[in-house]
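The values are calculated or read from the model by the stated rules, or taken from the named source; none is laboratory data. As the structure is a computational prediction, the values presented were derived from the model and not from experiment. For neighbour counting, all protein chains shown are included, and Cβ atoms are generated from backbone atoms with ideal geometry for every residue, glycine included.
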Amino acid sequence: MTASILVDGVAASTVTVLDRGLAFGDGIFRTLEVRAGRALNWDRHFRRLAHDCQALDIPVPDEAVLRSEIARVAPREAVVKITVTRGTSGRGYSKPTETVARRIVAAFDPPEYPAELARDGIRVRRCDLVLSEQPRLAGVKTLNRLENVLARSEWFDASIREGLLCDREGRLVEATMSNVFLVVAGALVTPLLTRCGVAGAQRDRVRDLAAAGGITCDVRDVAFAELEEADEVFLANSLIGLWPVVALGEKKWPVGSLTRRFQSEIAADDAKA
């Protein structure tokens, strides 16, 4: 894997050990795809990044600066990760009197996901790990992703591509690296993320496309058992696009028409100049 990295606009591959992102996870990040030098779904990514910074009371980076730095590290095809931390401080949890945020813009080789994952669908499992609840951080993509790391380490079966995560009440929240959608009687359902979980830019796009196409998208608590009654299930994030879910244990789903519709609409949206 190769990477091109800017730290506060300067080519670098290290940060100080006193950075609060390293010491406390005091920061946020967003990951996006660049194709032919163009950041896909950028407006939604930046809105999410700004929202997350504001949730942590970290200054929002200038959008034009980020766009310029993305262009520098990713002139062609790449995956770009934008990290914003509260910057440097001494030992202790107290925030510095004046925050000088640090931004890290890094480009990596695009992942090579087999085409059949999007075409034929994937198998998933239910993770044993239970997500903790913190409403103040719900939806925010903080640097504290240890729950996802531990959940993803629960299985090594290459035929299982994702793990579904629930809260302590058994409500479906998300997958380890993606958001979850159910199709029920021609409408979309996606879990409410007011207690825990991460709200992705691709999730926002699916909801926007549904609204534009006159398709209801119900954002609410989803009992895990509701998966049994769903007509279709798919996962969404900015690198996989949409993956149909076709199997969870013995339960099977078809790759349905609404899943195909949103795959097509996302591809068309990404292809716009």
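Could you identify the single residue in Arg207, Arg171 that is without any contact (Cβ under 8 Å) to a residue 24 or more places away in the chain and surrounded by 15 or more Cβ atoms within 10 Å (Cβ to Cβ)?
Only one candidate passes the filter, namely Arg207.
Does Arg125 meet the test of being outside the structural domain of Ala55 (by TED's automatic domain parsing), closer than 26 Å to Val233 by Cβ, touching a residue at least 40 places away in the same chain (Cβ under 8 Å) and among the basic types (Lys, Arg)?
On the way: outside the structural domain of Ala55 (by TED's automatic domain parsing): yes; closer than 26 Å to Val233 by Cβ: yes; touching a residue at least 40 places away in the same chain (Cβ under 8 Å): yes; among the basic types (Lys, Arg): yes.
It is true that Arg125 is outside the structural domain of Ala55 (by TED's automatic domain parsing), closer than 26 Å to Val233 by Cβ, touching a residue at least 40 places away in the same chain (Cβ under 8 Å) and among the basic types (Lys, Arg).
Examine region 85-94 for a residue that is closer than 25 Å to Arg203 by Cα and either among the charged types (D, E, K, R) or in contact (Cβ under 8 Å) with a residue 40 or more places away in the chain (or both), and state whether such a residue exists.
yes
Scan region 38-59 residue by residue and report those that are assigned to a loop (DSSP other than H, G, I, E, B) and of a type outside the set (Val, Ile, Thr).
Scanning region 38-59 gives Leu40, Asn41, Leu56, Asp57, Pro59.
Output the residue which, of all residues in region 210-239 that are out of contact with any strand residue (DSSP E or B) (no Cβ under 8 Å at 6 or more places or on another chain) and farther than 26 Å from Arg119 by Cβ, is surrounded by the fewest Cβ atoms within 10 Å (Cβ to Cβ).
That would be Gly214.
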